[in-house]
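Structure first, commentary second.
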Amino acid sequence: MDEWEIIENQTIYYRSSENMHEIEDNSIDVIVTSPPYNRKKRYSDDTGVEYNDNRPKDEYFRFLTKVWRECFRVLNPEGIFFLNIGDAAPDQGISEEVVQLTEKVGFYRLQTIIWIKSFLGKGHFTPTGGSRRLNNLWENVFVLVKDKKRYRMNPKAVGIPYADKSNIGRYSNEDLRDAGNVWLVPYSQTTGSTIKKGHEAPFPIELPYKCIKLAGGRKVLDPFTGTGSTLAAAKLLGKKGFGYEKFPRKKVIRKRIEDSSDYFPPTILIPHLEMSVRVLTRILDSVDLPKHLKDRLLNFSKKERTEMMILKDVLDQLNQNLPFLDEYFDHWENERRKKEVSKKIKSLSNYL
Ligand SMILES: C[S@@+](CC[C@H](N)C(=O)[O-])C[C@H]1O[C@@H](n2cnc3c(N)ncnc32)[C@H](O)[C@@H]1O
């Protein structure tokens, strides 16, 4: 029998997704995945067996086609398939060829979300451009559907408040608008130890989180589970998830799903209403907040403090009182006072 396990309502099959016979036809509401890019990345399982990420192109395409065919079979006609793949700086165009394979098995390409991994120094990237080209700081998230008449999507589920409040009432009655198809989700640093643990290319949990919210539904699938980012997001959103991983690091997957709330990057604390108040409360409430996260949040930079103020404003409007936010602003008020006092002492000392 194939090996599998269930972690917090997330079922993972430790084998190839070329055949996903455990999943019924038309039963999945949202697929979020990032396949191997065939770019010599390292993926190896607990015993050290490695996936070959440098296959002849036709073999790589045949393999992906099998998985996309299975994805087409299991996706609900109302569902959405988010396919994340980027191009390497020296290998432009491969992502286009990969998405065309999905079209060949029947998917309809609705649009492309541009995922910006790093912007103005925010978000990790490994310098690869050298003096020949610029680094590649974005990737595609292709939005694919099985039935273009029946799919459903709720852009406001990952919406943002209007900057110009006079728009409320003009376009809709609530202070919430579609945030568009360019997503800044800073890439968290892939540490040496993650690479040693055999998974070089996890996407941030925030990425599948947004996709799942956008699509809605109850059942989520990631045919290339990797470290388990999609299933971690599914767990946070209370969904039932399914994943396949042929070269699993089981401890890494378990930890990512079990500790998913701790993995939320502080940058998610921007005033987007994309996170449910329940999750925000869980993260920000001083009682539950793990110490390392709390220390990180308290040390937010000046610019991020502005974001926290907007966040407070949004939460105030939702009548949410989060004890941690008071603690946060008290902290900065104390810091400001301390600075003022030391400035005064300094200027006084000039007279002495
Ligand atoms: C780009 S990674 C996915 C990373 C994942 N999104 C994350 O955040 O950790 C691709 C994964 O596909 C896995 N893989 C390769 N061949 C596979 C197959 N035939 N079936 C299932 N998984 C496979 C690799 O081991 C690797 O973990």
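Throughout, read-outs are computed from the coordinates displayed, never taken from laboratory work. Only a predicted model underlies this, so the values are computations on that prediction, with no experimental measurement involved. Methodologically, a virtual Cβ is constructed for each residue, glycine included, from the backbone with ideal geometry; neighbour enumeration extends over all protein chains shown.
Annotation: amide H-H contacts under 5 Å for residue 151 (H modelled 1.01 Å from N, sequence separation of 5 or more, or interchain): none. Only residues of the stretch 92-113 count here: report those whose backbone N is under 14 Å from the spot 7 Å along Cα→Cβ of residue 132, or say none. It comes to 92, nothing else.
Sketch the reach of a paramagnetic label on residue 26 as a point 7 Å from Cα along Cα-to-Cβ, and name the residues of the stretch 59-93 whose backbone nitrogen lies under 19 Å away. Residues 69-81 qualify, since their backbone N sits under 19 Å from the label point. Converting phi to 3J(HN,Hα) with the Karplus coefficients 6.51, -1.76 and 1.60 and the offset θ = phi - 60°, the stretch 146-160 yields 8, 9, 6, 8, 10, 5, 10, 8, 10, x, 6, 5, 10, x, 10 Hz in sequence order, with x at every glycine or proline. Peptides 151-161, 68-78, 239-249 ordered by packing proxy, namely the average of other Cβ atoms within 10 Å per residue, highest first: 239-249, 68-78, 151-161. Just round it to a whole percent: the fraction of Cα-Cα distances in the stretch 81-178 exceeding 15 Å. Here the tail beyond 15 Å accounts for 72 percent of pairs. With each label modelled as a point 7 angstrom along the Cα→C-beta vector, the residue 150-residue 346 pair spans 6.8 nm. The H on the amide N of residue 11, modeled in the peptide plane, is under 5 Å from the matching H of 241, 242, 243, each at least 5 residues off or on a different chain.
Given R₀ = 35 Å, FRET efficiency for residue 54-residue 120 by Cβ-Cβ distance, to 0.05? About 0.60, to the nearest 0.05. Remark: spin-label model distance residue 337-residue 89 equals 4.9 nm, labels positioned 7 Å along the Cα→Cβ axis. Ordering of 141-148, 19-26 by packing is 141-148, 19-26, highest average first (other Cβ atoms within 10 Å, averaged per residue).
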